[in-house]
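Coordinate-derived values only; no laboratory data. Everything quoted here is computed from the prediction, not taken from an experiment. Reconstructed Cβ throughout: ideal geometry from the backbone, glycine too, with neighbour counts over all protein chains shown.
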Amino acid sequence: MKKLFNLFLLILTLFVFNSLYAEPTNYTYNYDFWNEQVASPDAYRVSAYILGTTLGVGHFRDPQGLFIRDNRIYICDSGNNRIIKVEVQENGEHVVVANVSSVIIDGVESRFNYPMDVFENRDGKIFIADTNNNRVLILDKEWNFINVIYKPDDDSLRNLDDGEISEFTDFLPFKLVVDFANRIFVQARNINKGLMEFVRTRQREEQEEHIESWEFAGFMGANKVNVNIIDYIWKLISTQAQRDRMQLFIPTEYTNVALDRDGFIYVTNATGQIDPVRRLNAMGQDILIRNGYEDPVGDLVYGTAANIRGPSRFIDVVAFDNDSYACFDRNRGRIFMYDFQGNLLYAFGGVGNREGLFIMPVALDRMGYSLYALDSRSAAITRFDLTDYGTLINKALEEYRAGRYESSAEEWEKVLKMNGNHDLAYIGIGRAALRQGDYLKAMRYYKLKHYREGYGKAFQLYRKIWMEENLWWILIVLGVVILLPPAVKFTIKTIKEIREA
């Protein structure tokens, strides 16, 4: 009896020890065909929690921007009016290599004033949304001044006020990206016409230096206006005084902007469940694929726990090399990962004060497949690294995008062994089978998860092949069905005529 009691204590001690010292974890989940949350293994785990003090630069204060290029991390420490540049060493250590709070313009020091975003292009140039200075700064890789963009003098930046044209707002850039053609796309406060586009116009030599210049080219990719039909009818029959008090039918401004590996622009808005994430081509058209059970809108079912209400509101987005993308929900502090078809891969995170949770999410970026999430309230960056489960899912997507369908199916099979409730694994196997021409297998896996669109396509292709392989039998049967009755009738008639003769 004493031995059993000691064994019980040993098992209990090991369990408590494992609970205390296990890796940090978060509740990870997905949605099934019926829009019910289904728990899944962790796809990401917290691997680092980065504070200003741990970097040796003092406390961050209301940081608002985060950008990553290769192994370089730029942090907009907005409240301290500075930008911190960090390099990640091979051993995983984060080392500060620059702490910049001003720039020299024409021999005079000009200090940053609440910078909210930063971007490094392929040439190493640094672009800064210096928000409260009402400007966009262009610097070289050594932080030397190249040029500056102020509010454009353009008629499109004016509006009607009591019948007269007037300036409508200060130029407050807060998010920006630079594409492969060195076009600058800026989202500014109180501008709902889309992204402001600035194009490089010329290079001139001045005092043996090349001076680059940008000019305003217009707006790109404005949000769609969604009008409630009842509100629209009511507005038609209302008096002028009533219409003046109504909310205008105007597009909302974007909350963030990001660039993918192909040069397409991802944007987010806080409208909730009406296209909260979009992918824009060069014409400003939304080309995001939405072939999942539901559109990529974050949580499909939500309550009012902790006094948090309403749908997910995306504050940032980041695209991966396998064309998947992650969206950061400001409302509930969750990260939603979608594949290139718009299927939800997994969601994790939440609101709270421990590692892996957030209070006020503001920015999200990646280094490889590692995610860096910035929280302005806790003034900290959380690094998430893939688990074995998450690695398998991304490997399956990579293999499929590379055209290695058999290998992709094998990876999805491994995912199913770890999580038999992962709908996309079944769909992924069906998708790979469809590409390989095994339409019966594709139909079987699609049917398991009620993926009607895929099942219909596989069935259509299977039916076509079946018809081609059995065409002669079909023609023979049709011939018999068509020709046999007249032949029998003719035979009976002939025999009758012979007997009567």
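Starting from the amide H of A270, placed 1.01 Å from N in the peptide plane, find each other amide H under 5 Å away whose residue is 5 or more places distant or on another chain.
T255
In nm, to one decimal, how far is the E212 label point from the T304 one, both placed 7 Å along Cα→Cβ?
5.2
Determine which aspartates and glutamates satisfy two conditions relative to K417: a Cα distance under 16 Å, and not lying fewer than 8 residues away in the same chain.
D42, D388
What is the local net charge at G263, summed over the other residues whose Cβ is closer than 12 Å to its Cβ (Lys, Arg +1; Asp, Glu -1)? Don't skip to the answer; put the middle values down first.
Details: positive: R122, R183, R261, R279; negative: D179, D260, D262.
Summing Lys/Arg as +1 and Asp/Glu as -1 gives +1.
With each label point set 7 Å from Cα along the Cα-Cβ vector, what nm distance links T391 and Q285?
4.1
Report the calculated FRET efficiency for V481 and I105 (r = Cβ-Cβ distance, R0 = 60 Å), to the nearest 0.05. Show your work: numbers first, answer last.
Working: r = 89 Å, r/R0 = 1.48.
Computed FRET efficiency for V481 and I105: 0.10.
Going by amide H atoms built from the backbone, whose H comes under 5 Å of the H on L280, apart from near neighbours?
The answer is I265, Y266, V267, I287.
Once you have the Cα-Cα distance between R354 and Y150, take 0.36 nm times their residue separation minus that, and quote the gain in nm to one decimal. Before the final figure, lay out the partial values.
Details: separation 204, 0.36 × 204 = 73.44 nm, distance 4.09 nm.
Length difference between fully extended and current span is 69.3 nm.
Please quote Rg/Rh for the range 389-488 to two decimal places, taking the Kirkwood radius as Rh and restricting both calculations to Cα atoms. Mind dumping the intermediate values first?
Values: Rg = 19.2 Å, Rh = 15.2 Å.
We get a ratio of 1.26 for the range 389-488.
How high is the FRET efficiency between T491 and R463 when r is their beta carbon distance and R₀ equals 35 Å, given to the nearest 0.05? Don't skip to the answer; put the middle values down first.
Values: r = 37 Å, r/R0 = 1.05.
FRET efficiency, T491 to R463: 0.45.
What is the packing order of peptides 339-345, 305-311, taking the mean over residues of other C-beta atoms within 10 Å and listing the highest first? Mind dumping the intermediate values first?
On the way: 339-345: 20.9, 305-311: 11.1.
My ranking of the peptides, most packed first, is 339-345, 305-311.
For a footprinting-style exposure proxy, rank V301, V88, V318 by other Cβ within 10 Å, fewest first.
Values: V301 8, V88 19, V318 25.
Placing the least packed residue first, the sequence is V301, V88, V318.
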